[in-house]
Amino acid sequence: MNHLIAPSILTADLLNLRSEIEMINQSQADWLHLDIMDGVFVPNISFGFPLIEQIARVSTKPLDVHLMIVNPSNYVERFRECGADRLGIHLEADIHLHRTVNLIKKLGMNACVVINPHTSIFLLEDILPEIDQVLVMSVNPGFGGQKFIENSYEKISRLKDLILKKSCEVLIEVDGGVNRENAPRLVKAGADVLVVGNAIFASANPLQAISELKSF
């Protein structure tokens, strides 16, 4: 499988969000990534259900929704109603991870488990057969534009080995500081999906930036 690109709307121009999404619709991007923050699990607040519903009406790309919130199981059904196609929950935020993953899948979404930079991949071992993807945070979650954590390459490689060892069909997604320079190395390490923010939306030519991220 060729690697996928998921532009992160967090770094888009929110005052011109419709035009930003329409640009993504016309691009070679595969998914649209939405970061949902509650100001509790992470020290920032992003946006909620009304905006997600509006985004779903405009976007022709699947919505890849990353929940950085406490008690994510309380909101799974509501995110499905808003138009989420893939729903990511943090391993660190849900003490009943298996139950929430099964709820996500029961509602027809792809289930993703997210891990922070300090979280060991081996905590995923029992849940891997139940999920569709793992999102590896390569920055500390909560803010866009952070510096990429170099240890992420090795972490992704070890996760890939674990997935192959367990014969699971699980995508590896990476989010945080991804750009044209480190993207090839991330894919070589085992990443299947690259979440990209500033390297697209701060670019002079976002369409070209997406094309370059897809073309190596």
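The values are calculated or read from the model by the stated rules, or taken from the named source; none is laboratory data. Here the structure is a predicted model, which is why all the values come from computation and not from measurement. Note that each Cβ is placed from the backbone with ideal geometry, even for glycine, and that neighbours are counted across all protein chains shown.
List the helices (runs of 4 or more DSSP H) inside region 15-90, counting only whole elements, that have at least 1 residues being at pLDDT 95 or above and farther than 26 Å from Asn102 by Cβ.
The qualifying helices (runs of 4 or more DSSP H) are 17-25, 49-58.
Table: residues versus (1) in contact with a strand residue (DSSP E or B) (Cβ under 9 Å, 6 or more places away or on another chain); (2) not hydrophobic (A, V, I, L, M, F, W, C).
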residue	(1), (2)
Cys82	yes, no
Arg86	yes, yes
Ile121	yes, no
Asp126	no, yes
Gly142	yes, yes
Phe148	no, no
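Of all residues in region 188-211, those that are touching a residue at least 60 places away in the same chain (Cβ under 8 Å), aliphatic (A, V, I, L, M) and in a helix (DSSP H, G or I) total 3.
Residues in region 162-187 that are out of contact with any helix residue (DSSP H, G or I) (no Cβ under 9 Å at 6 or more places or on another chain) and part of a helix (DSSP H, G or I) were compared, and the one that is farthest from Val114 (Cα to Cα) is Pro184.
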